[in-house]
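Engineer: This structure is in structure tokens; I'll ask about it shortly.
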Amino acid sequence: MGKSKIRLTGQVRSYVQWPLRISLLMVIMVIALFFIDTKAGIVAAGFAIVCIGFSMYLYMKNKGVVINDFINFATGYGQIQKQLLRELELPYALLDEGGKLVWANEAFENTLHTKSNSQKTIMSLLTGFNKGMLPAVESENELMFSFEDKEYRISMKKLFIDDIVNDADMLENSDKNSFLIAFFMFDETKVNVLQRKIEEQQLACGLIYIDNYDEALESVEEVRRSLLGALVDRRINKYLAAHEALLKKMEKDKYLVLIKNSSLKKLIEDRFNLLEDVKTVNIGNEMKLTLSIGFGVGAESYVENYDYARNAIDLALGRGGDQAVIKTPESVSYYGGKTRSTEKNTRVKARVKAHALKEILESTDRIMVMGHRITDIDAFGAAVGIFRAAKTLGKSAHIVVNDISTSIRPMVDAFLSQEEGEQELIINNLRAVEMADDNTVLVVVDVNRPSYTECSELLSLCKTIVVIDHHRQGSEIIENATLSYVEPFASSASEMVAEILQYISDTVKLKPVEADCIYAGITMDTNNFLAKTGVRTFEAAAYLRRNGADVTRVRKMSRDTLNDYIARSEAVSHVSVYKKMYAISYYDGPSENPTVVAAQAANELLNINGIRASFVLSEYQNRIYISARSIDDVNVQLIMERLGGGGHMTIAGAQLDGIGFEEAEKRLTDTIDQMEKEGAI
């Protein structure tokens, strides 16, 4: 292509042609002078002709020189750009759609020890990089990647070839969707190191409570009580001082802790062995001391960390103590919790909660009581007790039970027969949703997880919610409860309700059938007073006995059918012993309530010598239920929590969706292996 065919365009052309525009103005001026004076016009015309001719001469003569200079500049500029990109300190490369190297600069070649014409793929150059990391659907992709002890932020961007060759005469792109990938590697090793140092130096806030300080002191001679407190202080101070923590004693059994995140990680690594260390303090005290620890970490301010710590310590106490809980903005972690909760001999808390419940019930006209899904005897017995309290206060009360199983059918029939004049004593979910309004009080018994309740919709429909439960709390709780009474050391929800009834009103009088229902709830959860029983359990049973509960009637109502007995025997027959101490079985036969069969079979398996814990799996409504039981030395609640469930140290359960028996058993055994490796059980 000759230079004569090359034309200047744009602002450059306008700039070069400015003399011609001035010449046009001179012509107009000459014409104007001819009208004023002919001689002056002739002189001006001659002068204009000379100027215009000279301008045209210069324009034509220098046009080629200017164009040539522009071409030289553009060529040199392109070379400079290419050289700068080639010598750019940032590793940069172009890849094809499959990740093959098309072009790379020197920094990229030096970083990945390759050459730009090597034709290797990025997957072969970067160990651990796979094709799935390349931008597929999206036009850009960014990820963190480690390579040779360095941390890179890799940024990838699609460059569509159709855009690159657009308006080019000598290239044509037949595939409009073909593209190259611009591949950048930003070395952020130093930034990440500094970021980690900053995070490690930040302070976490913690609270330490002694669970049973007063009870332990009572078991020691008076002259030695101060020594017991001093020894506990010394253990806690020594342990935290070794981790560079600041400890401040707020009360006789409460401590505030400030600790660096790096030191907190060390506490986590040794799984808070302070929990076990404190138990060794013994100067004649019959009761071992236990601690509850709560830490808040990761918040934007120290005030928020303290709030997290308070939430964490509440969780630790709500789960029975003897454990550490760490709360972050994203998650909650649990450590310890291997010992049984200490029963409180005082009933002050029960009396306070009973009076608070009475005030709530008196402020409304309608009360609804519900338990967990697949209502069992304990949940129904506790609901009957709350029903009687509401009736004593002259309020309308309803018990929400969606499906009446065979295990509670005898008690439901006996209960309804005593209340023949009442309408809608027991309602299903649909009716409960219809009746609920802002003035309805909802009492939730025997469960504290919203997703496990009989009708979770009621939690959003009722403004006033009361929770009465004996299961350890997890990260999922009913947060908007007006009154929450959760006591993990209690044997059952029925026991807690029996205590409340003694304080809620002097005029509460249980009918014999109602006393039977509550008594049956206690016997079921304690396996006929063989597990989790304390002084208050027998006191609650005595109160119910005085109100007409009959052991023989309860036993008759709780008896199994022949089919249930055969089903339980079948579940036991499938048992296999894992690691010589864990009995694992399943039940897949016909039954109206397979979860009850599984729970009963799990209790039976504990009678085998050498078995520390039992797990029985059952399927109900396309969901796998695990019933877990232990005697005292394995905390099955911790195992079930790993599987998304919960419960007590000796009685727990979990629910698994979308899998069969084999996969569920594998998850269970893998969880046991992992927790034993960590020392969690």
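Engineer: Which entries in the list 260/677; 266/327; 463/511; 150/197; 120/158 go over 23 Å, if you measure between the two C-alpha atoms of each? Walk me through the intermediate numbers first.
Structural biologist: Working: 260/677 27 Å; 266/327 16 Å; 463/511 31 Å; 150/197 16 Å; 120/158 19 Å.
Where the Cα-Cα span goes over 23 Å, the pairs concerned are 260/677; 463/511.
Engineer: Take every DSSP beta bridge with both residues inside the chain and express the antiparallel ones as a percent of the total, to the nearest 5. Write out the running numbers ahead of the final one.
Structural biologist: Values: 68 of 100 bridges.
Of all bridge pairs located within the chain, approximately 70 percent are antiparallel.
Engineer: Can you give the Rg and Dmax of segment 202-336 based on its C-alpha atoms, in angstrom?
Structural biologist: 14.5, 47
Engineer: Report, in debye and to the nearest 20, how large the dipole of the chain comes out about its Cα centre when Lys and Arg carry +1 and Asp and Glu carry -1 on their Cβ. All intermediate terms of the calculation are to be shown ahead of the outcome.
Structural biologist: Working: 78 positive and 93 negative charges, 401 e Å.
With Lys and Arg at +1 and Asp and Glu at -1, about 1920 debye.
Engineer: When the helix-only estimate is applied to the chain (DSSP H runs of n ≥ 4, each -39,500 (n - 2.57), divided by the residue count), what is the mean residue ellipticity at 222 nm, nearest 500 deg cm²/dmol? Before the final figure, lay out the partial values.
Structural biologist: Working: 25 runs with 304 residues, N = 681.
Per the formula, -14000 deg cm²/dmol.
Engineer: Right, another one. Skipping prolines and chain starts, which residues have an amide H placed within reach, meaning under 5 Å, of the one on residue 397, given they are 5 or more residues away or on another chain?
Structural biologist: Excluding prolines and chain starts, which carry no amide H, the hits are 367.
Engineer: Could I ask something else about it? Below 10 angstrom from the Cβ of residue 329, what's the summed charge of the other residues (Lys, Arg +1; Asp, Glu -1)?
Structural biologist: My count for the surroundings of residue 329 gives -2.
Engineer: Same structure again: For segment 271-282, in order, what is each residue's ³J(HN,Hα) by Karplus, 6.51 cos²θ - 1.76 cosθ + 1.60 with θ = phi - 60°, in whole Hz (x at glycine and Pro)?
Structural biologist: Karplus values, whole Hz, x for Gly and Pro: 6, 6, 5, 4, 4, 7, 5, 5, 5, 7, 5, 8.
Engineer: Between 594, 127, 411, whose Cα lies farthest towards the positive end of the dipole of the chain when Lys and Arg beta carbons carry +1 and Asp and Glu beta carbons carry -1, centred on the Cα centre?
Structural biologist: Of the options given, the answer is 127.
Engineer: Could I ask something else about it? Which whole-number percentage describes the relative contact order of the chain, with Cα contacts under 8 Å and a sequence gap of 6 or more? It would help to have the intermediate numbers written out before the result.
Structural biologist: Working: 1222 pairs, mean separation 46.2, N = 681.
Rounded, it is 7 percent for the chain.
Engineer: Membrane-span-like helices in the chain: DSSP H runs reaching 15 Å or more (Cα, own axis), mean Kyte hydropathy at least 0.0? Before the final figure, lay out the partial values.
Structural biologist: Working: long enough: 18-36 (28 Å, 2.37); 38-86 (68 Å, 0.58); 189-201 (18 Å, -1.06); 225-241 (24 Å, 0.04); 302-318 (24 Å, -0.27); 348-362 (21 Å, -0.03); 377-392 (22 Å, 0.90); 493-504 (16 Å, 0.82); 512-525 (20 Å, 0.48); 535-546 (17 Å, -0.23); 562-573 (16 Å, -0.15); 594-605 (16 Å, 0.55); 661-678 (26 Å, -1.49).
Helix filter hits for the chain: 18-36, 38-86, 225-241, 377-392, 493-504, 512-525, 594-605.
Engineer: Taking the Cα centre as origin and putting +1 on Lys and Arg beta-carbons and -1 on Asp and Glu beta-carbons, what dipole magnitude results for segment 449-604, to the nearest 20 debye? Walk me through the numbers on the way to the answer.
Structural biologist: Working: 16 positive and 20 negative charges, 93 e Å.
Result for segment 449-604 is approximately 440 debye, rounded to the nearest 20.
Engineer: Right, next: What does the charge dipole of segment 348-558 about its Cα centre add up to, to the nearest 20 debye, if the Cβ of each Lys and Arg holds +1 and the Cβ of each Asp and Glu holds -1?
Structural biologist: Working: 23 positive and 29 negative charges, 139 e Å.
Charge dipole of segment 348-558: 660 debye, to the nearest 20.
Engineer: Taking amide H atoms as placed 1.01 Å from N in the peptide plane, list the residues 5 or more away in sequence, or in a different chain, whose amide H sits under 5 Å from that of residue 147.
Structural biologist: When sequence neighbours closer than 5 places are left aside, the close amide H contacts are 152.
Engineer: Looking at 261, 275, 289, which one has the Cα that reaches farthest to the positive end of the dipole of segment 246-289 (charges on Cβ: Lys, Arg +1; Asp, Glu -1)?
Structural biologist: Positive-end residue among those listed: 261.
Engineer: Then there's this: Excluding residues on the same chain fewer than 8 positions from residue 353, give the aspartates and glutamates whose Cα lies under 15 Å from its Cα.
Structural biologist: 362, 469, 487, 495, 499
Engineer: Same structure again: What's the exposure ranking of 614, 226, 396, going from fewest to most Cβ atoms within 10 Å?
Structural biologist: Values: 614 27, 226 11, 396 16.
In order of increasing Cβ crowding within 10 Å: 226, 396, 614.
Engineer: Treating the chain as a set of equal point scatterers at the Cα positions, no solvent, please give the Debye-formula log₁₀ I(q)/I(0) at q = 0.05, 0.09, 0.10, 0.12 Å⁻¹.
Structural biologist: -0.44, -0.91, -1.04, -1.28
Every read-out reported here was derived from the displayed coordinates using simple, explicitly stated rules and does not represent laboratory data. Note that this is a predicted model, so its numbers are computed, not measured. Positions of Cβ are generated from backbone atoms using ideal geometry, with glycine treated the same way; all protein chains shown enter the neighbour counts.
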